[in-house]
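Right, one structure below, let's go through it.
The values are calculated or read from the model by the stated rules, or taken from the named source; none is laboratory data. Not measured: the values here are computed from a predicted model. Cβ: placed from backbone, ideal geometry, glycine included. Neighbour counts: every protein chain shown. Each accessible area value is taken on the protein alone, full model and side chains, heavy atoms only, with ligands, DNA and RNA left out. Shrake-Rupley method; radii C 1.70, N 1.55, O 1.52, S 1.80 Å.
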Number of protein chains: 2
Amino acid sequence: MDNSLHDPFRTTFDSLDEFADLISQVLKCPITIEDANHRLLAYSTHDERTDPARIATIIGRRVPEKVINQLWKEGTIPALLKTREPIRVQTMNEIGLGNRVAISIWKNEEVLGFIWALEIDKSLSDKELYQLKKAADAVKNKLLQLQTRKNKKEERSQELFWKLLTGHLTSHDEILDHFRSLKITPSTSFVILVFQFQENINRKEEQYIMYLLKTIQRLKIILYTIDCDQLILLTSADQIKNLTEELDHFSQIFVGKMNERYKITGITPVYSGIYQDYQKIGKAYNETLTVLSIKSKFPAETKKMFSFQQLGIYQFFDLLLKSRQNNDYVNESLRKLHDYDHQHNSNLIKTLEVYLDHDSNLNDTAKQLNIHTNTLNYRLKRITEIAQVNLKEPNQKMMLYIDLKLEKYHV
Amino acid sequence: MDNSLHDPFRTTFDSLDEFADLISQVLKCPITIEDANHRLLAYSTHDERTDPARIATIIGRRVPEKVINQLWKEGTIPALLKTREPIRVQTMNEIGLGNRVAISIWKNEEVLGFIWALEIDKSLSDKELYQLKKAADAVKNKLLQLQTRKNKKEERSQELFWKLLTGHLTSHDEILDHFRSLKITPSTSFVILVFQFQENINRKEEQYIMYLLKTIQRLKIILYTIDCDQLILLTSADQIKNLTEELDHFSQIFVGKMNERYKITGITPVYSGIYQDYQKIGKAYNETLTVLSIKSKFPAETKKMFSFQQLGIYQFFDLLLKSRQNNDYVNESLRKLHDYDHQHNSNLIKTLEVYLDHDSNLNDTAKQLNIHTNTLNYRLKRITEIAQVNLKEPNQKMMLYIDLKLEKYHV
DNA sequence: TTCCTTTTTGGTGATTTCCACAAAACAGGC
DNA sequence: GCCTGTTTTGTGGAAATCACCAAAAAGGAA
């Protein structure tokens, strides 16, 4: 029938792969179907011509991160998220991407996925582009089904995650059973990663987050959930050499992209230590909450600290602050230095603080203060005289450092 | 009468000075009368011959400390405290002491004071020594009167001291009034000094203590009292350059002499910071009690710390310990190092601790550990690798130090 | 045993720290 | 203004630190 010629996709099909092959046959080019997060859903096998980007996508079952990044930068993805029309992409050799056409799959106002058609030897004609659009329309219900199935699984895994976070699962075997039933391979060591947002996360932002989590492929995320203004992740720490660096990097990318792509700012990343025992997920989660709480109290000093470990002395800061305030104790040494500074317009306190901040390194300190090394030496000598302290005693030194930092919060 | 010739001292006299002159006339030599604590009570003026030690005693209204020390070492004072017979002392030029005879003044089993007779040109005959003994007997009642008068004053000053220690006197003027009425000149700055004994201080020990306090002349003691197993002193901090050193020295002498002279051991000295405001005596006292409490909890690490200031980080030690135990947190870095030490029979933990104890000084640390500097350097490099820490970050370093110390108390 | 890795020790030279001394700059009081 | 004491900067030399390399010693696994 003429009708069937006009729309060859008005037919039933069992699997998405079958449908990909159908499109491929009609358009005479290799076809790939992805979900909204650039995970591979199906690909045609009928046509063996392809390019490196497509191979990588099929092998990894998702579009490589650098390809996604490039497509964002260069505008393809933003365009696909706006229009229902096909978008043509020019060859980008640096990421192994040949000429192709993409179209987004829509359900109401939401993008469910994408269809990619490689233009290996020839460009698609306008008619073929129209057919592609029809294909995108035809596939949407299938994708919707997949999505709801995935949503159900997601719900179950979120439930599991919350049980773990709140410490409701105490038996190791029970936990492993849950993982198995959700087809999650548990890792031998893990880290809890929390992103604190400035405001509660709404539906739209949640989609952005999911998109980013799926497309940033640096860390393996086992479970995730959202709680008001927090994004909580359970990530695997297996086979990562420099974990701290990796976590820092991941957080930085996440925060950076949330900002540049969606203009969401003020996200604070924080992570727990590494744990092997899944019963300790609750503990790890509490650790991150503690870090967030300390960071919110002392934002300036803890700016560059993201884990409990890194907090160092700030782990105890509110405890110390409270103790000092209760005993209304003043560090005599610091008082004397303050007095001296006041009377002589000097800045011994500042000198001491910078010196201690720089781990008693003369060169660095002098450089930071823009003074001669000998001047610094002289000042330090004066400090030991006036404050009656011995800067070679780690104990006294630490107390000075801590009291210096505490002073800033004496209201 | 023959009787009066035999005992020329059976007579009444108004003042002790008058009596000293009487003895001097009878024995034909200069006479000095001291109380049990070697404070000058009276001296003869009839005979102008004398020696440097006597001059110094009269000028300072007490026997100089070094003279007392010498007389203890050389056995005179211990002998005087045992026998009621006169004791002869040979010239000791190094302390300006000429030949002389001394006798102790007894009331029942207690020594109330001493009479000194200088043998400038001639030695006292046996008859004269016998007369000296009679003089000592005659003067005892006068001394007893003085003592009870002094005791009353002491009682009043102790009462004042307790009021100050417990913070019952809040008005500055009121405090000054009390001082004036007790004829005590208040100093502009003071320190509370507490000696913690191992057991309650009994009557005999109290006498020893009073004796030592009166004879150690390094610090000016304004008020003192005894509370069960504690000796509490209010000392002036005026006109002392290096107060800490002075306090350390005083404590050391006190503890040393209590041991060598009276075999009382296990005394822990402790002192407060310097305060100007007499209303803060209570605060200063509490400070010393805190120090004592911390020292009793962590005796090994706080061995050489005697003031709150010196405690440094140990000021918070029990707070930190409690916090760590509550959160059952383990420092990952230290755990890794411990693991490594265990597996490889190494001693990175020890190395790190000594290094931190020595304020990151390579030379000192290497010397203490009996290893080559390069070995130490190598180990430190390994430590940073294994523990994943940056030893140039004061924050991390401090946390390591603190956790290292805390570990020793994880039971 | 040999082989391999880890650890210790030694040596060298560039850089940094520490110390003493002195000249110059500066500030405050008179 | 001048005087005095404090602060800054400069110089120079001894000691310490740091970053290398390399040889020797130790310890473990095949």
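Scanning region A:325-343 for residues that are assigned to a helix (DSSP H, G or I) and facing another protein chain (nearest Cβ under 9 Å) yields a count of 2. Would you check if there is a residue in region A:137-144 being open to solvent by less than 50 Å² (accessible area, probe 1.4 Å) and either part of a strand (DSSP E or B) or β-branched (Val, Ile, Thr) (or both)? Among the residues of region A:137-144, at least one is open to solvent by less than 50 Å² (accessible area, probe 1.4 Å) and either part of a strand (DSSP E or B) or β-branched (Val, Ile, Thr) (or both), which makes the answer yes.
Residues in region A:364-408 that are open to solvent by 50 Å² or more (accessible area, probe 1.4 Å), within 37 Å of the chain's Cα centre (by Cα) and not basic (Lys, Arg) were compared, and the one that is nearest to the other protein chains (Cβ to nearest Cβ) is A:Asp364. Of all the residues that make up region A:3-53, how many are under 36 Å from the mean Cα position of the chain (by Cα) and within 18 Å of A:Leu146 (Cα to Cα)? Residues in region A:3-53 being under 36 Å from the mean Cα position of the chain (by Cα) and within 18 Å of A:Leu146 (Cα to Cα): 18 in total.
Of the residues contained in region A:344-353, one or more are found to be under 28 Å from B:Val291 (Cα atoms), of a type outside the set (Asp, Glu) and away from DNA strand C (no atom under 16 Å from the Cβ). Within region A:309-342, the set of residues being away from DNA strand D (no atom under 16 Å from the Cβ) and charged (D, E, K, R) comprises A:Asp318, A:Lys322, A:Arg324, A:Asp328, A:Glu332, A:Arg335. For region B:284-310, which positions are more than 19 Å from the chain's Cα centre (by Cα), within 19 Å of B:Val191 (Cα to Cα) and modelled with pLDDT under 90? Hit for region B:284-310 is B:Gln309, nothing else. Residues in region B:212-229 that are β-branched (Val, Ile, Thr) and assigned to a strand (DSSP E or B) were compared, and the one that is least open to solvent (accessible area, probe 1.4 Å) is B:Thr225.
One residue stands out among those in region A:164-174 that are open to solvent by less than 70 Å² (accessible area, probe 1.4 Å) and assigned to a helix (DSSP H, G or I): the one that is nearest to A:Glu287 (Cα to Cα), which is A:Leu165.
Quick check on region A:314-329. Is at least one of its residues touching a helix residue (DSSP H, G or I) at 6+ places or on another chain (Cβ under 9 Å), within 12 Å of DNA strand C (Cβ to nearest atom) and outside the structural domain of A:Glu287 (by TED's automatic domain parsing)? No, that holds for no residue.
Of the residues making up region A:315-324, those that are open to solvent by 20 Å² or more (accessible area, probe 1.4 Å) and facing another protein chain (nearest Cβ under 8 Å) are A:Leu319, A:Ser323.
If you check A:Asp248 against the conditions, is it on the phi < 0 side of the Ramachandran plot and either touching a helix residue (DSSP H, G or I) at 6+ places or on another chain (Cβ under 8 Å) or surrounded by fewer than 17 Cβ atoms within 10 Å (Cβ to Cβ) (or both)?
no
Determine whether region B:99-110 contains at least one residue that is at positive phi and charged (D, E, K, R). No - not one qualifying residue is present in region B:99-110. Selection of region B:344-362 for residues being open to solvent by 40 Å² or more (accessible area, probe 1.4 Å) and within 12 Å of chain A (Cβ to nearest Cβ) yields B:Asp357, B:His358, B:Asn361. As for region B:92-101, it holds no residue that is modelled with pLDDT of 85 or more, open to solvent by 30 Å² or more (accessible area, probe 1.4 Å), under 15 Å from B:Gln131 (Cβ atoms) and assigned to a helix (DSSP H, G or I).
State whether one or more residues within region A:272-281 are of a type in the set (Val, Ile, Thr), touching a strand residue (DSSP E or B) at 6+ places or on another chain (Cβ under 7 Å) and open to solvent by 20 Å² or more (accessible area, probe 1.4 Å). Yes, region A:272-281 contains a residue that is of a type in the set (Val, Ile, Thr), touching a strand residue (DSSP E or B) at 6+ places or on another chain (Cβ under 7 Å) and open to solvent by 20 Å² or more (accessible area, probe 1.4 Å). In region B:299-314, the residues that are more than 10 Å from chain A (Cβ to nearest Cβ) reach residues that are assigned to a helix (DSSP H, G or I) and open to solvent by less than 10 Å² (accessible area, probe 1.4 Å) with C-beta atoms within less than 9 angstrom, at least six apart or across chains, in these pairs: B:Phe306/B:Leu247; B:Phe306/B:Ser251; B:Phe306/B:Val291. For region B:343-357, a residue qualifies if it is within 12 Å of DNA strand D (Cβ to nearest atom) and either over 18 Å from B:Met399 (Cβ atoms) or among the charged types (D, E, K, R) (or both), and the qualifying residues are B:Gln343, B:His344, B:Asn345, B:Ser346.
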